[in-house]
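To start, the structure under review is shown below, and the notes come after it.
The values are calculated or read from the model by the stated rules, or taken from the named source; none is laboratory data. Values in this document were obtained by computation on a predicted structure and should not be read as measured data. Positions of Cβ are generated from backbone atoms using ideal geometry, with glycine treated the same way; all protein chains shown enter the neighbour counts. Quick note on the areas: whole protein, heavy atoms, side chains included, nothing else; ligands and nucleic acids left out. Shrake-Rupley method; radii C 1.70, N 1.55, O 1.52, S 1.80 Å.
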Amino acid sequence: MESKASGRARIPLHTKILIGLVFGAAAGITSNALWREAPALGWVVQNVATPVGQVFLRMLFMLVVPLVFTSLALGVAGLGDVRKVGRVGAKTLGFFLLTTTLAAVIGLILVNTVRPGDTLEPAVRAQLLETYATQAAERVGAAETSGFGISTFVNIVPRNPLDAAAGGDMLGLIFFTLVFGMALTLLREEVAAPVIRVLHGVAEAVAVMIGFAMRIAPVGVAGLIFSVTARFGFDIVKSLGLYVVVVLSALIIHQFGSIGTLVRTLGGIRIGSFFRRSEALMITALSTSSSAATLPTTIRTAEQEFGVPSKVAGFVLPLGATMNMNGTAIFESITVLFLAQVFGVHLGLPAQVIVIVLTVLTAIGAAGVPSGSIPLLVLVLQTVGVPGEGIALILGVDRLLDMCRTVPNVTGDLLTSIVIARSEGFELAADGPRVEETAETIAIPGASPVAAASGADNPGPHGAGGRGPAA
Ligand code: ASP
């Protein structure tokens, strides 16, 4: 669209982001291989790549609180009455639970079949335990103070919504916003209308700001990936090779097998088209390792690429970024079993069922930030009798696994928004000739973010419905 309007061929944004990813990764891996010990490389990582990546990351984080508040409040208010909110809410949570359980089961099947823990060299084990002992002890300490019990649920109700927002307590912010949105639906029309208009205005401004952030995404992604790959020692990946391969295989099976099948059957969208249109989303998740930081891109993708109505996207996706973590469930179930194998702790079928339940609960409870699941993983380990310090074995590869597990985390959120929208009778931008058949139309997905980034013709995610591919 936009390339026609401007009269010259422009590279779509999602392609630019992909180029940033490939360039950053290639440069990082090469630098690591050639100049791992050189101080200059450390300098470049610290003073160039990391700051560039951090600016992008912080731009995204900066938008999370206003985005969650406006989109969720408008989503709830847009759903209409409280009963409808309850129905859509129940369906959403049910779907989250279903896909997360499926993910945990896939992880368990794979780790039981391959048994990577049995093949870990004792010398490697001793060395890793020693190298990461301090970090592991910190995580174990954090897990012990955070705890997981009845207070976890009580704490969902924040004492002060501003504290919740300022302190990154997403569940607290979500709880307050849900209640606020429901209250809006109970007000008289003339009282509610001005509030909703203001929320719409703020949401539109946030959408334009997401456009700004996405403009710097190609460079930001390159910076983030370079910082990781340049510092990354591949030796550790080699020593834990089989474990890493099992986790990555399970993530790939879930991402393309389970999510792909569900998007085809329940979402009515062709698998290839779905993943093509989700490219910017997946790369943002990969480079930020954070569902929360990816939320602006997730909402944008759902609305602009798939035509999910803003009231559904605004309702489902903030919840999903905090509660729905398919990739994390896979990572946790495999890691618990792997460490049990390494330490010779036998976990029979009943114990593995407990692992699934705990994994699903902690995947819901984990924060959508880098390594957000690690403290909760320690709790699961200790609950089933595997030493929590065992995470020392995997901390060295956690960054890599975190990047990769965040991808199914956010793709699962997108899938849920599509399935819920469809089940509520909304017409979506399913794949059809207009998207699949011509090169020109294939460029459409990338065109909208760029167009939006320019701000001028951006209708925003909360326009009056007259936008998006299906609108
Ligand atoms: N980084 C993950 C996310 O934000 C959470 C985790 O598994 O640590 O989705």
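Do we have S417 as small (G, A, S) and under 17 Å from the mean Cα position of the chain (by Cα) here?
yes
Inside segment 150-182, can you point out the residues that are open to solvent by 50 Å² or more (accessible area, probe 1.4 Å) and farther than 17 Å from V68 by Cα?
Residues satisfying the conditions are I150, S151, F153, V154, N155, R159.
From L242, L248, grab the single residue that is more than 16 Å from the ligand (Cβ to nearest atom) and open to solvent by 10 Å² or more (accessible area, probe 1.4 Å).
Just a single option satisfies the conditions, and that option is L242.
So which residues in segment 307-339 are closer than 25 Å to I269 by Cβ, within 11 Å of the ligand (Cβ to nearest atom) and either part of a loop (DSSP other than H, G, I, E, B) or modelled with pLDDT of 95 or more (or both), if there are any at all?
N324, M325, N326, G327, T328, A329, I330
May I ask you to list the residues in segment 375-403 that are among the aliphatic types (A, V, I, L, M), away from the ligand (no atom under 14 Å from the Cβ) and either under 20 Å from F274 (Cβ atoms) or open to solvent by 10 Å² or more (accessible area, probe 1.4 Å) (or both)?
Selection gives V384 alone.
Would you mind finding the one in T416, T359, T406 that is within 10 Å of the ligand (Cβ to nearest atom) and touching a residue at least 60 places away in the same chain (Cβ under 8 Å)?
Result: T406 is the single residue among T416, T359, T406 that is within 10 Å of the ligand (Cβ to nearest atom) and touching a residue at least 60 places away in the same chain (Cβ under 8 Å).
If you scan segment 49-66, which residues turn out to be aliphatic (A, V, I, L, M) and either modelled with pLDDT under 90 or under 17 Å from T284 (Cα atoms) (or both)?
A49, V52, V55, L57, M59, L60, M62, L63, V64
Could we say that A292 is farther than 30 Å from A123 by Cα, within 16 Å of the ligand (Cβ to nearest atom) and in contact with a Phe, Trp or Tyr (Cβ under 8 Å, 6 or more places away or on another chain) here?
The answer is yes for A292.
For M282, only one of the following conditions fails: (1) within 14 Å of the ligand (Cβ to nearest atom); (2) more than 24 Å from M59 (Cα to Cα); (3) open to solvent by 10 Å² or more (accessible area, probe 1.4 Å). What is its number?
Exception for M282: condition (2).
Between a first residue in segment 310-338 that is open to solvent by less than 10 Å² (accessible area, probe 1.4 Å) and a second residue that is among the basic types (K, R), which pairs have beta carbons less than 7 Å apart while being 6 or more apart in sequence or on different chains?
Cβ pairs passing all conditions: G327/R405; T328/R405; I330/R405; F331/R405.
Tell me which of these T229 doesn't satisfy, since it passes every other one: (1) modelled with pLDDT under 90; (2) closer than 21 Å to R83 by Cβ; (3) not basic (K, R).
Unmet condition: (2).
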